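For reference, the structure is listed below as structure tokens.
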Amino acid sequence: MFDQKILDQKILERNSTPLMRILGIDPGSRITGYGVIETDGHTVKYLDSGCIRTRQDAMPDRLRIIFDSVRTLVTTHQPDVLAIESVFMHRNAGSALKLGHARSAAICACVIDDILVDEYSPREIKLAIVGKGSAGKEQVQHMVTHLLNLNATPQEDAADALAVALCHSHTRHGTGCLGAYRNKGGRLR
């Protein structure tokens, strides 16, 4: 779960400007989307996005590709936080298990470096980005393109990963704002 004090300390150790670098992951056993953003709580800057594609190999080989690729992203971008989509079960339990394996490979690739991990449900992500928990993929792509002021629409899985990162940024900033308005009794002023 998200630990604000540890994150704040890591950010201050890295630089004097309170920037937070977020790696967003949309896990999948065949295509895992990733997106990297940086935020100071007021502005968000796009850094990178793309897809990790695995072959039709056995599951352990796919997981190794995901793990190694996320390790490379961690080395390259040095994120403070991993924001990842949580497992959900739609119709097929087998698909949910494969998704869980892909998530685990990505999470393990990050926690080796003590990167904090926070997860969000697909509904939470869509609600934070589009304002509607049942939004479609095209709506998410459109809003990610708009919010990050991108020149082109990212591929679907990359857009989903950027949406996860943006969701974390919005959630963290929103929680921080609420904290500033609380009094000693824990009530909003």
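The numbers here are math on the coordinates, done by the rules we state, and not lab data. All values derive from a computational prediction rather than experimental measurement. No Cβ is skipped: glycine too gets one built from the backbone with ideal geometry, and neighbour counts run over all protein chains shown.
Fewest first, what order do THR171, THR39, THR153 take by the number of other Cβ atoms within 10 Å?
Working: THR171 17, THR39 20, THR153 14.
In increasing order of surrounding Cβ atoms, one gets THR153, THR171, THR39.
Apply the Kirkwood formula to region 4-174: the hydrodynamic radius equals the inverse of the mean of 1/r over all pairs of different alpha-carbon atoms; give it in Å with one decimal.
About 15.9 Å, per the Kirkwood formula over Cα pairs.
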Give the aspartates and glutamates reachable from LYS137 as a straight Cα distance under 20 Å; neighbours fewer than 8 places away on the same chain don't count. ASP26, ASP48, GLU85, GLU119, GLU124, GLU156, ASP157, ASP160
Ranked output for segments 95-106, 158-169 by mean other Cβ atoms within 10 Å, highest leading, reads 158-169, 95-106
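Would you list TYR34, TYR120 from fewest to most Cβ contacts within 10 Å? Write down the numbers at each step before the final one.
On the way: TYR34 28, TYR120 21.
Listing TYR34, TYR120 from fewest to most nearby Cβ atoms yields TYR120, TYR34.
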Other residues with Cβ under 9 Å from the Cβ of GLY24 give, with Lys and Arg +1 and Asp and Glu -1, a net charge of -3
